[in-house]
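Visitor: Please read through the structure below; I'll follow up with questions.
The values are calculated or read from the model by the stated rules, or taken from the named source; none is laboratory data. All of these numbers come straight from a predicted model, not from anything done at the bench. Don't worry about glycine lacking a Cβ; one is built from the backbone with ideal geometry, like all the others, and counts go over all protein chains shown. Side chains are part of the model used for accessible areas, which takes the heavy atoms of the whole protein and leaves out ligands, DNA and RNA. Shrake-Rupley method; radii C 1.70, N 1.55, O 1.52, S 1.80 Å.
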Amino acid sequence: MIAESLHKIWAELKPFSAKLIPVSKTKPNSDIVEAYDAGNRIFGENKVQELTQKAEELPKDIEWHFIGHLQRNKVKFIAPFVHLIHAVDSLRLLKEINKQALKNEKVIACLLQVHIANEEAKFGFDAEELKGLISNPEIANLENINIIGLMGMATNTNDRQQISNEFKGLKDLFEDINGLPLPFNIKMEELSMGMSGDYKLALEQGSTMVRIGSSIFGLRSCAIHA
Ligand SMILES: *Cc1c(COP(=O)(O)O)cnc(C)c1O
């Protein structure tokens, strides 16, 4: 089932040349190995402890993406091996990622999370805050981070038009920022948007990375949405 779902979604993504980030949070290693054996090498996780444990136990050529809300005091645990951090939502967090990347003699790729949903509880910058951050001269001192794009989550609603509009807003912001003078460590290359319920709408609006969990691995026993 896992292999079948992967192949189906890979085929759907192909015309858009978008990347699939299978989200394995809460799922056992056996499920991850099944996806690995089907040829997938990328996995997304949203809890630091779960991610570090899985990374220790599973093959070393897996590209681990951290997609959840990241606390500064936990950056050090994932810095040695993480491939991309999707949801950076403050300058303080960027500085900590830079510090831990430096300790590990690497550069860590990040996406900035933008708040696009019409919901209170979601994390992320709004458009003005984002532009403020990007023009902050301190960014150019962070030599061990590479900001490669934006990430967002649409409102959890059945209103397809609303979801589409939110994704379009994020894509427009991505293009706007691309037109601004940017420091050496910011590039707008990746746009991480779309989950199981809305990835087709996200692709239509220009997503380059979709983060899909339940459509590959099945429903999670409790909806952990951090
Ligand atoms: C859980 C999660 C996903 C995947 O959700 P599904 O609806 O299972 O596809 C995507 N992005 C983030 C940030 C998540 O936490």
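Visitor: Determine which member of the set LYS74, LYS19, LYS27 is away from the ligand (no atom under 13 Å from the Cβ), among the charged types (D, E, K, R), closer than 27 Å to GLY124 by Cβ and out of contact with any strand residue (DSSP E or B) (no Cβ under 8 Å at 6 or more places or on another chain).
Guide: Working: LYS19 fails: out of contact with any strand residue (DSSP E or B) (no Cβ under 8 Å at 6 or more places or on another chain); LYS27 fails: away from the ligand (no atom under 13 Å from the Cβ).
Exactly one of LYS74, LYS19, LYS27 is away from the ligand (no atom under 13 Å from the Cβ), among the charged types (D, E, K, R), closer than 27 Å to GLY124 by Cβ and out of contact with any strand residue (DSSP E or B) (no Cβ under 8 Å at 6 or more places or on another chain), namely LYS74.
Visitor: Taking the condition aliphatic (A, V, I, L, M) and crowded, with 21+ Cβ neighbours inside 10 Å, does VAL82 pass?
Guide: Values: aliphatic (A, V, I, L, M): yes; crowded, with 21+ Cβ neighbours inside 10 Å: yes.
In short, yes.
Visitor: I need a count of the residues in the range 97-147 that are outside any helix (DSSP H, G or I), open to solvent by less than 40 Å² (accessible area, probe 1.4 Å) and hydrophobic (A, V, I, L, M, F, W, C).
Guide: Of the residues in that region, 12 qualify.
Visitor: A follow-up question, please. Pull out all pairs, ordered by first then second residue, where Cβ-Cβ is under 6 Å, the residues are six or more apart or on different chains, the first lies in the range 137-165 and is on the phi > 0 side of the Ramachandran plot, and the second is open to solvent by 40 Å² or more (accessible area, probe 1.4 Å) and in a strand (DSSP E or B).
Guide: Going by the 6 Å Cβ cut-off, the qualifying pairs are GLY149/GLU189.
Visitor: Continuing with this model, one more query. Tell me, which residue of the range 24-70 that is acidic (Asp, Glu) and farther than 30 Å from LEU91 by Cβ is least open to solvent (accessible area, probe 1.4 Å)? Full working, then the answer.
Guide: Residues of the range 24-70 acidic (Asp, Glu): 31, 34, 37, 45, 50, 56-57, 61, 63.
Among the residues that remain, those that are also farther than 30 Å from LEU91 by Cβ are: 31, 34, 37, 56-57, 61.
Numbers: ASP31: 30, GLU34: 82, ASP37: 118, GLU56: 147, GLU57: 104, ASP61: 85 Å².
Looking at residues that are acidic (Asp, Glu) and farther than 30 Å from LEU91 by Cβ, I get ASP31.
Visitor: Among the numbered conditions (1) surrounded by 15 or more Cβ atoms within 10 Å (Cβ to Cβ); (2) assigned to a loop (DSSP other than H, G, I, E, B), tell me where PRO181 comes up short.
Guide: Unmet for PRO181, out of (1) surrounded by 15 or more Cβ atoms within 10 Å (Cβ to Cβ); (2) assigned to a loop (DSSP other than H, G, I, E, B): (1).
Visitor: Here's another thing I want to ask about it. Given the conditions (1) within 11 Å of the ligand (Cβ to nearest atom); (2) under 15 Å from the mean Cα position of the chain (by Cα); (3) outside any loop (DSSP other than H, G, I, E, B), which single one is not true for ALA154?
Guide: ALA154 satisfies all of (1) within 11 Å of the ligand (Cβ to nearest atom); (2) under 15 Å from the mean Cα position of the chain (by Cα); (3) outside any loop (DSSP other than H, G, I, E, B) except (3).
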